[in-house]
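To start, the structure itself, in structure tokens.
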Amino acid sequence: MSKIRVIIAGPRGKMGKSAVNMVHLNEQFELVSVLDHKHDGKMLNDIDGFEKYTDIPVFTNIEECLQKSKADVLVDLTTPEFGYLHTKTSLQYGVRPVVGTTGFTKTQLDEIKQLAEEKEIGCIIAPNFAIGAVLMMKFSQMAAKYFHNIEIIELHHDQKLDAPSGTAVKTAEMISAVRKKKEQGHPNEKETISGARGANIDGMHVHSVRLPGLIAHQQVMFGSEGELLTIRHDSYNRDSFMSGVKLSIETVINVSTLIYGLENIIE
Ligand SMILES: NC(=O)C1=CN([C@@H]2O[C@H](COP(=O)(O)OP(=O)(O)OC[C@H]3O[C@@H](n4cnc5c(N)ncnc54)[C@H](OP(=O)(O)O)[C@@H]3O)[C@@H](O)[C@H]2O)C=CC1
Ligand SMILES: O=C(O)C1=N[C@H](C(=O)O)C[C@H](O)C1
């Protein structure tokens with residue numbers, strides 16, 4: 001069976017490094033190139049820390065990268081702005097995107113869905129690749145059928161660009177699909193300092209903590225008369241996300257539409 005040819009966008013990043021390693025170690029994948037806006041004309045093994053990866057060109061331009069790489073899949077682990085551009089361009093060139101980058105708007109997600117359907121090309125956007133995090137979201141959705149009073153606290157490292165996290169937004173969306181509509185808190189509650197109650201997604205409040213030392217953590221709190229249920233997930237390193245990236249690369253090859261969230265492909 002021929003190998004799945006993979007491009008990684010953002011190889012020097014925290015996630016990109018782990019993804020380069022995972023693809024390199026996996027016999028069914030071949031890393032054919034990387035997209036890195038700061039290393040024009042070099043090979044990957046010219047970049048500090050990547051010496052062992054030989055014969056892999058580095059492109060700075062997404063179109064040139066897609067034209068020359070003859071890839072099946074582009075894995076994007078960059079920033080919300082560039083991740084969106086890379087995803088759309090990749091679909092336009094018939095290369096299937098697997099997107100871990102978070103911070104896309106609803107309108108951007110709708111555009112990507114429409115483009116994937118027009119082109120009949122698979123695309124997976126996963127706000128969280130960690131299997132435990134996907135279970136945390138599914139368990140929260142189950143609990144929300146019984147507990148309607150919910151607050152979400154997400155905690156991340158202080159280099160994160162987007163808030164709230166993609167995982168928190170996805171969790172709130174999954175809960176909203178089953179929860180009776182409700183505005184959390186007292187009907188007359190008033191913030192004396194703006195932002196005190198966090199972001200509001202469909203009446204649920206989402207609180208974003210940013211501290212050095214953290215990686216990626218979330219707890220969903222369900223309050224009821226005389227009891228509190230807390231569902232929590234912690235990622236302690238970026239390798240926790242790699243089984244989900246691997247599964248997404250294997251899956252995206254066989255689908256022809258947008259899949260938003262790993263809960264849609266995990267049995
Ligand atoms: N779905 C999931 O499970 C997970 C998703 N994420 C998401 O993945 C994304 C990356 O996270 P993380 O690795 O922590 O972030 P980092 O900041 O460590 O890495 C991002 C990398 O992308 C590079 N980059 C920026 N713009 C471009 C561009 N135009 N072309 C190519 N490379 C570019 C950056 O380079 P430079 O710094 O030189 O600008 C940097 O090396 C974020 O959106 C994050 O939220 C993170 C963890 C898990
Ligand atoms: O930036 C991160 O680190 C992470 N981003 C994703 C998100 O926004 O949910 C996934 C995970 O939480 C780590």
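Some notes on this structure:
- Scanning the stretch 221-248 for residues that are open to solvent by 60 Å² or more (accessible area, probe 1.4 Å), outside any strand (DSSP E or B) and charged (D, E, K, R) yields 225, 239, 246.
- Test: residue in the stretch 61-79 that is over 12 Å from residue 8 (Cα atoms), open to solvent by 10 Å² or more (accessible area, probe 1.4 Å) and within 16 Å of ligand 2 (Cβ to nearest atom): yes
- Restricting the stretch 243-267 to residues that are more than 16 Å from the chain's Cα centre (by Cα) and of a type in the set (Val, Ile, Thr), the residue that is farthest from residue 31 (Cα to Cα) is 257.
- Scanning the stretch 127-140 for residues that are within 16 Å of ligand 2 (Cβ to nearest atom) and touching a strand residue (DSSP E or B) at 6+ places or on another chain (Cβ under 7 Å) returns 130, 132, 133, 136, 140.
- Only one of the listed residues (71, 143) is touching a strand residue (DSSP E or B) at 6+ places or on another chain (Cβ under 8 Å) and not in a loop (DSSP other than H, G, I, E, B). That residue is 143.
- Long-range neighbours under 9 Å by Cβ, at least six apart or interchain, first residue in contact (Cβ under 8 Å) with a residue 60 or more places away in the chain within the stretch 145-158, second more than 16 Å from ligand 1 (Cβ to nearest atom) and acidic (Asp, Glu): 147/227
- For the stretch 146-175, the set of residues classified as open to solvent by 40 Å² or more (accessible area, probe 1.4 Å) and either farther than 16 Å from residue 204 by Cβ or part of a helix (DSSP H, G or I) (or both) consists of 158, 159, 160, 161, 169, 173, listed by residue number.
The values are calculated or read from the model by the stated rules, or taken from the named source; none is laboratory data. What you see is a predicted model, and the numbers here were worked out from it, not measured in a lab. Backbone-built Cβ (ideal geometry, glycine too); neighbour counts: all protein chains shown. These accessible areas exclude ligands, DNA and RNA; they are computed on the full protein's heavy atoms, side chains included. Shrake-Rupley method; radii C 1.70, N 1.55, O 1.52, S 1.80 Å.
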